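Just so it is clear, none of the values below were taken in a lab; they were calculated from the coordinates. Every value quoted in this text rests on a predicted model; they were computed, and no experiment measured them. Positions of Cβ are generated from backbone atoms using ideal geometry, with glycine treated the same way; all protein chains shown enter the neighbour counts.
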Amino acid sequence: MTGHGTDPSPWEARIRAELVTVVEEDRWRAPREFDALGPAGVLQEGAVVSFASNDYLGLSAHPAVVAAAHEALDRWGAGSGASRLVTGSRPIHSTLERALAQWKGTEAAVTFPTGFAANLGVLSTLGGPDVRVLSDELNHASIIDGCRLSRAALAVYRHRDMAHLDELLSAGSGSAGSAPPATPTIVVTDSVFSMDGDVAPVDELLDVCGRHGALLVLDEAHAVLGPDLPPATATATATAVPVVVRVGTLSKTLGSLGGFVAASRDVVDLLVNRARPYIFSTAPTPADAAAALAALRVLRSAEGETLTGRLASLIDRVVEAGLAPPGHPSPIIPVVLGAEQAALDASAALLDDGLWVPAIRPPTVPVGTSRLRVTLSAAHRDEDVDRLLHALVRLPRPAHAAAL
């Protein structure tokens, strides 16, 4: 970083010190090259099957999805050239947004370059110094950063604890307990939590937000198998129907790249005019948008039903093997080992067997809950899942890990 014979500058010394700290904490990370189309491919260590991807239905390699991306490249080129409001919008962006809105049952939708950018855009636009945000304690990093950018007063409620959320909402209400909050309030949560694979209690969230007049932001990035929002009439019982903003990604269930927000026309129009990640970022590439649209069409077809059914059956096999509790609701299977080294050693042992399962450790998860994060895909072969289950069952697990 420095010229020959010169001492490091203060900034160079600071950066090196930070890197040394990462190494000393045994938290060094680096990306690995994976040469693959689908879950099977080659790492430096050799041929492996990946159980690390969020391509839950295998649509990133679906022939119709790949063909749509090729066609878009031929028609519109590799990049969008600018932000949507300058000159970056193509017909495929609008077509995709209409399809996303229809899928989610909303008036409108708008796409962002990534799901991370979508969360930043929603929370920084709808938040503000006069707004309060209540966030589940296990929300994704993009929600956490969006809360920070919102400039709102932030409170964190215990994971999936609706009584605690209700208590926090009541503390910000007006004089009447059922009155809307004196401070405009946003409740934000993942619908499927990315490190545990459990789900938010959506029906209860709708109820508590409706009773307190709070806006609900629901990040459905990992919700390939639900939970689904009920029709609006199903929530209009004794309580008001809350305003719901649905955030999603094109990079997991749909196997492409990008994020989106599905909501009322007013919310989408406000995002287009105020969300900085939308206004100041180059638009998603036409190829990504076309791939996502093709994937959505597959998902909503009979073939999509077959793929989601297969994914659900693979989860059932993990449950039958005793590696997930009965009724586990998602393809994210955490194998909690506790100590960081235990998770690293287990991941290395699986890699020796040609199975790539990442070790997840702090700061991604709390100290003492390091784990293997298994993700299943409809593209996995039965024999590969058999190998994985046999290998996981053989792993040594500390006695206390089962209670984590």
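Tabulated data for the structure shown
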| quantity | calculated |
| --- | --- |
| Ranked packing of 264-272, 246-254, 343-351, most packed first, by mean Cβ within 10 Å | 246-254, 343-351, 264-272 |
| Inter-probe distance in nm under a simple model that places probes 7 Å from Cα toward Cβ, at Glu305 and Asp74 | 3.3 nm |
| The chain: calculated mean residue ellipticity at 222 nm from DSSP helix runs of at least 4, using -39500 (n - 2.57) | -12500 deg cm²/dmol |
| Inter-label distance, nm, simple model (7 Å from Cα along the C-beta direction), Arg98/Val272 | 1.4 nm |
| For peptides 358-365, 130-137, sequence by mean Cβ density within 10 Å, most packed first | 130-137, 358-365 |
| Distance from region 252-295 to region 41-84 (C-alpha centre basis), Å | 17 Å |
| The chain: C-alpha gyration tensor shape, a/c 1.5 cut-off, then a/b vs b/c | rounded |
| Euclidean distance of C-alpha centroids, region 306-325 and region 334-386, integer Å | 17 Å |
| Taking the chain and dividing mean pair separation by its residue count, relative contact order in percent (alpha carbons under 8 Å, at least six apart) | 21 percent |
| Shape call, region 62-299: gyration tensor on alpha carbons, a/c limit 1.5 | prolate |
| Highest average packing first - 143-156, 38-51, 19-32, Cβ atoms within 10 Å | 143-156, 38-51, 19-32 |
| Hz values of 3J(HN,Hα) by residue in region 69-80 - Karplus curve (6.51, -1.76, 1.60), Gly and Pro given as x | 5, 4, 4, 5, 4, 5, 7, 10, x, 7, x, 8 |
